Amino acid sequence: MLSQKSLYNALVVVFFIVFLSSCDKDFNTLGADIIGDDHFDLLSYRDATITAFNQRTGIVQSNNLDVNPLGVYNNPVFGKTTAHFVTQLEVSSTNFNPVYGENIEVESVELTIPYFNVKTDTNEDGEGTYRLDSIYGTALSKMKLEVFENGYFIRDLDPDANFTQSQKYFMDQKADFDANIVGPRLNDDEEVSQNDQFFFDSAERVVTTVNEDETETVTRFAPSMILKLNKNFFKNKILSSQGKSNMVNNNLFKNYFRGLYFKVDEISGQSNTLALLNFKQGKITIKYKEDAVSSDNEVTRVDRTIELNLLGNTVSLQEVTNSPGYENALTNSNSTTGDPALFLKGGSGSVAIIDLFTPEQLEDLRAQRWLINEANLTFFIDNETMGTNTPEPKRVFLYDLNNKRPLIDFALDGTSNTIKPKFGKVVHSGIIQREASSGNDNDESRRGVFYRVRITSHISNLLRKDSTNVRLGLAVTEDYRLTANYSKKNPLPGDLVKNVSVGSVMSPLGTVIYGSHPSVPVDKRLRLEIFYTKPN
């Protein structure tokens, strides 16, 4: 029989295991039900005056993003985006000062960039089935993809700022890179899926190698972009005396070989597709043979490999054409009455600006000296405008527009999600809440209903500590953790938005939410809910 002390210790261990298990579970529908509707013994206030309106971000800075779009996407709500990409290359330190033999023959040059993917099945033979993630548009839709040598040098530092600030590049600089293309395209293989009819292929890659004992080894890889590049170009550029002399360090190499320009064009009759890619995981593998001389002067043919990594400075180049409805919403935005629909779009898109309370209302609420238990802003999605096929951003980001920083609730929320890191800070949230599941569908098949952001500390400071009632900005975000600001190109003195969060710049998606205009039905209108306790 367990002693009382042993029983107590056992119960503590069990409780601790249960606690850890509950912390590691994924949240229902990316955070649904985290904020409940049962506020027992609390009073509520829902009469705050809110004015929310659209604001165009315009052309924004787009260099050195964590992920970048590539492709053509016709968004039925927002319009068309054609996304190109430029990246520098780097030599791994193990390949500095290469030693080349004689009689070099290049066997292959292969560019590989992994796709974001989810493995959905593995059969009894070990063959995997995958679904590509972060891809938008029509699956298997074809486009023209050309990879060129880039001749436009991408600087680290800005000479106009005496080399004390990082150089900024913007989404609309395609003409600069077009004018500095060097030579013909490098992905010039006869197979049209390599260039003129490229598509994002979800098939598993299988590589079979023959061993010295003539047995075969089969290696399987997740889906990737795999392009065969021109062998003669890389022989002359890399495996030559000039290439060798420029591979002493990467500063020298990046000026000698200024990188690759991925240029896309749509194909008539195709529905088009755009994918988000982490190009920094990409590499170019050059396989070649050369003569090697042994100590007894015997010449043998040996296999060699050099790898170039897709690292260094990058620029996302995007051509954007807004749809008539979207353009009309931005052009006719009304900061006085608020807008009935708020259009949030990443990239060179738009944000919503939100003003809470009138001055008189704020002073009256401060005089109440309420204890604020919880405060939420709820943004209902305009499903009629969004339709059933438009992909939805999984998260929105609410921030202090005046000071260009997250709210205090963002900083105070220490929650995380070990399974889906992009969905941490689940209390502050902003995570999409989807319609109820039938049990047979996944998150992506269910439409979003609303986004909710908890701003308890922000409202408490505003009402109880006389904090400044700053304007708020609301944007879509690809990754809530990236809250640094990127610059808007050529902002005017009267522009309300001069910077955009990096997470928003990265996102190619948009959503439409109901605004604060009186024409919006009350049950759909943007609302602030404050739950409070009166002082004794």
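A few points about this structure:
- Criterion (touching a residue at least 60 places away in the same chain (Cβ under 8 Å), closer than 25 Å to residue 507 by Cβ and surrounded by 13 or more Cβ atoms within 10 Å (Cβ to Cβ)) met by exactly one of 79, 101: 79
- Taking the range 437-467 as the range and being at pLDDT 95 or above, surrounded by fewer than 22 Cβ atoms within 10 Å (Cβ to Cβ) and among the hydroxyl-bearing types (Ser, Thr, Tyr) as the test, the residues that pass are 456, 457, 460.
- Any hit, the range 231-238, residues being open to solvent by 30 Å² or more (accessible area, probe 1.4 Å), under 30 Å from residue 116 (Cα atoms) and either among the acidic types (Asp, Glu) or outside any helix (DSSP H, G or I) (or both): no
- Candidate set from the range 242-296 (those that are part of a loop (DSSP other than H, G, I, E, B) and at pLDDT below 95); member that is farthest from residue 318 (Cα to Cα): 296
- Figure legend. Inter-residue proximity from the range 389-406: first residues part of a strand (DSSP E or B), second residues surrounded by fewer than 17 Cβ atoms within 10 Å (Cβ to Cβ), beta-carbon distance below 7 Å, spacing 6+ or different chains. Indicated pairs: 399/405.
- Residue 109 being at pLDDT 95 or above, touching a helix residue (DSSP H, G or I) at 6+ places or on another chain (Cβ under 7 Å), assigned to a strand (DSSP E or B) and on the phi < 0 side of the Ramachandran plot: yes
- Flag if residue 419 is β-branched (Val, Ile, Thr) and either over 22 Å from residue 448 (Cβ atoms) or touching a Ser or Thr at 6+ places or on another chain (Cβ under 7 Å) (or both): no
- Selection status of residue 204, charged (D, E, K, R), free of Cβ contacts under 8 Å to residues at least 40 places away in the same chain and farther than 18 Å from residue 258 by Cβ: no
- Any hit, the range 62-76, residues being among the charged types (D, E, K, R), open to solvent by 30 Å² or more (accessible area, probe 1.4 Å) and either part of a strand (DSSP E or B) or on the phi > 0 side of the Ramachandran plot (or both): no
- Residue in the range 32-40 that is within 30 Å of residue 536 (Cα to Cα), modelled with pLDDT under 95 and in contact with a Lys or Arg (Cβ under 8 Å, 6 or more places away or on another chain) present: yes
- Considering only residues in the range 360-376 that are within 24 Å of residue 336 (Cα to Cα) and without any contact (Cβ under 8 Å) to a residue 24 or more places away in the chain, the one that is least open to solvent (accessible area, probe 1.4 Å) turns out to be 364.
- Condition met for residue 130 (open to solvent by less than 50 Å² (accessible area, probe 1.4 Å) and either assigned to a loop (DSSP other than H, G, I, E, B) or at negative phi (or both)): yes
- Once the range 87-106 is narrowed to residues that are under 29 Å from the mean Cα position of the chain (by Cα) and part of a strand (DSSP E or B), the residue that is farthest from residue 309 (Cα to Cα) is 87.
- Only one entry in 297, 272 is open to solvent by 40 Å² or more (accessible area, probe 1.4 Å) and either touching a strand residue (DSSP E or B) at 6+ places or on another chain (Cβ under 8 Å) or more than 22 Å from residue 114 (Cα to Cα) (or both), namely 297.
- Total residues in the range 408-428 satisfying the condition of being hydrophobic (A, V, I, L, M, F, W, C) and either open to solvent by 70 Å² or more (accessible area, probe 1.4 Å) or free of Cβ contacts under 8 Å to residues at least 60 places away in the same chain (or both): the figure is 4.
The values are calculated or read from the model by the stated rules, or taken from the named source; none is laboratory data. Not measured: the values here are computed from a predicted model. Heads up, the Cβs are rebuilt from the backbone with ideal geometry, glycines too, and the neighbour counts pull from every protein chain shown. Calculation scope for accessible area: heavy atoms of the full protein, side chains included, ligands and nucleic acids excluded. Shrake-Rupley method; radii C 1.70, N 1.55, O 1.52, S 1.80 Å.
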